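Remarks on the structure that follows.
The values are calculated or read from the model by the stated rules, or taken from the named source; none is laboratory data. Worth saying up front: this structure is predicted, and the values here are computed from it rather than measured. Don't worry about glycine lacking a Cβ; one is built from the backbone with ideal geometry, like all the others, and counts go over all protein chains shown. Keep in mind that these areas ignore ligands, DNA and RNA; they rest on the heavy atoms of the full protein, side chains included. Shrake-Rupley method; radii C 1.70, N 1.55, O 1.52, S 1.80 Å.
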Amino acid sequence: MTQKDKGAWVWVPLLYFTQGLPYVLVVTVSVILYKKLGVSNGDIALYTSLLYLPWVLKPLWSPFIDLKSTKRKWFLSMQLIISLALFGVALSIPTNLFFVATLACFWMAAFASATNDIAADGYYMLRLTQKSQSFFVGVRSTFYRLAMVTGEGLIVVLAGYLEHKYGDTTKAWSITMAVTAFLMLLLTVSNFFSTEEEIPETAQTEKPDSFLAVLSSFFNKPGIGIALAFILTYRLGESQLVKMAAPFLLDAPADGGLGYSTEKLGTIFGTVGVIFLSLGGILGGILISRDGLRKWMLPMVLSLNLPNILYAILAFTKTTNIILVTVTVVFEKFGYGFGFTAFLMYLIYIAEGKSKTSHYALATGFMALGMMIPGMFSGYIQEWLGYPGFFIWVVIAALPALFLLKHIVYPADFGKKSSTDDL
């Protein structure tokens, strides 16, 4: 490992766990929170999907991350703001205006989280060599997903435990979010001690000439049209599944759900979910680093989408068997970790060249747009089709990405050269 890659085994896991935690809290745990507090599926999907907007718009301020201060100072500042915003959520839950107040705090956390993503991803690309970027993409993906499972698992388990202890859902979730805010603060301190400022010479080469120059250089990349279409559709099914999976497990059987408790839901996601998500992400990074992306892109796209069929089976059969539900989660989480690794590496490749931090922000902004718009309508689609029809629709939503797959281009040796001439 070179001097540039120094300490990566410490700071990469910490930094990307910290990046994933606020994302899952804003995008996924908020869904469970609002479901338990009595908000309808349609409103949950609409308003929590709108929380994606900062990730869609983050390219608008990404050049400032390049021009002002250092990536490290940016992500440490944003992580502190996220901690404060989560404390705000905790304090707002018991109020009469809890829905509006908590949404406002989640919005603050979302903007800070999106900015943190820009800085952290830029730091990753500046502090690692090209080969190490390919190798560690599995590690960063795994710890990012571990943070998501921590949110969907351990944090939800805590909320479920407190619901039973106090018999008060409002109090339980208020305490849970306060504990989560404190965890975020501890992670911020950990990142402060585990990272060091990026190399000045490297950082200097990243400075863009102007915002318009950044946009122009990104949209003038050869083949960018097909690339963006692929980015927008890669997670078309997942973007809808992630909004309705938890309500499906929590809803009563009379409403088409499985009637699981908050604690049981969190336990499933926080045990086998963690293990198989980790295995999928690490394996994906190793295989891409060894063989290149071209060989593994199709298997990874399929692994992301095929497990959705199992949710459709659960919805049609209405089985509440814990083993079958757990098997569904196992396949979903492993496929998620394995399949998302390819997506991350594809985004890194698109961003290569001058202003890679801003270009990566643009690419991930389109990724967020591909998550936000389908997610906004997923709740209304579910209410219209019912859970069985909805999950069939989610399976069909994988087809556009599979069609576009044969049209995207790859470098001759993905992950082992830095040129973008082939895109």
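Yes/no matrix, rows are residues, columns are (1) under 22 Å from Lys171 (Cβ atoms); (2) over 20 Å from the mean Cα position of the chain (by Cα); (3) surrounded by fewer than 21 Cβ atoms within 10 Å (Cβ to Cβ):
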position: Gly38; (1), (2), (3): yes, yes, yes
position: Ser49; (1), (2), (3): no, no, no
position: Tyr52; (1), (2), (3): no, no, no
position: Lys58; (1), (2), (3): no, no, no
position: Thr70; (1), (2), (3): no, yes, yes
position: Leu86; (1), (2), (3): yes, no, no
position: Pro94; (1), (2), (3): yes, yes, yes
position: Leu97; (1), (2), (3): yes, yes, yes
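Restricting to the stretch 318-332, give me the number of residues that are within 20 Å of Trp393 (Cβ to Cβ) and open to solvent by 70 Å² or more (accessible area, probe 1.4 Å). The qualifying residues number 2. Looking across the stretch 229-250, the residues that are open to solvent by 20 Å² or more (accessible area, probe 1.4 Å) and either over 18 Å from the mean Cα position of the chain (by Cα) or free of Cβ contacts under 8 Å to residues at least 24 places away in the same chain (or both) come down to Ala229, Leu250.
Within the stretch 149-183, if we keep just the residues that are part of a helix (DSSP H, G or I) and charged (D, E, K, R), the residue that is most open to solvent (accessible area, probe 1.4 Å) turns out to be Lys165. Take Tyr380 and decide whether it is over 20 Å from the mean Cα position of the chain (by Cα) and open to solvent by 10 Å² or more (accessible area, probe 1.4 Å). Here the answer is yes, as Tyr380 does meet what is asked.
Criterion applied to Leu186, Leu146, Leu212 was being open to solvent by 60 Å² or more (accessible area, probe 1.4 Å), part of a helix (DSSP H, G or I) and modelled with pLDDT under 90, and the one residue passing it is Leu212. Just one of the listed residues (Tyr23, Tyr16) is under 25 Å from Gly88 (Cα atoms), open to solvent by 10 Å² or more (accessible area, probe 1.4 Å) and either assigned to a helix (DSSP H, G or I) or in contact with a strand residue (DSSP E or B) (Cβ under 8 Å, 6 or more places away or on another chain) (or both), namely Tyr23.
Looking across Ala254, Ala315, one residue alone is within 24 Å of Phe390 (Cα to Cα) and open to solvent by less than 20 Å² (accessible area, probe 1.4 Å). It is Ala315. Taking the listed residues Val39, Val24, Val29, the one that is more than 19 Å from Ala178 (Cβ to Cβ) and either of a type in the set (S, T, N, Q) or at pLDDT below 95 (or both) is Val39, with no other qualifying. Quick one: how many residues across the stretch 118-137 are at pLDDT below 80 and under 22 Å from the mean Cα position of the chain (by Cα)? Selection size over the stretch 118-137: 5.
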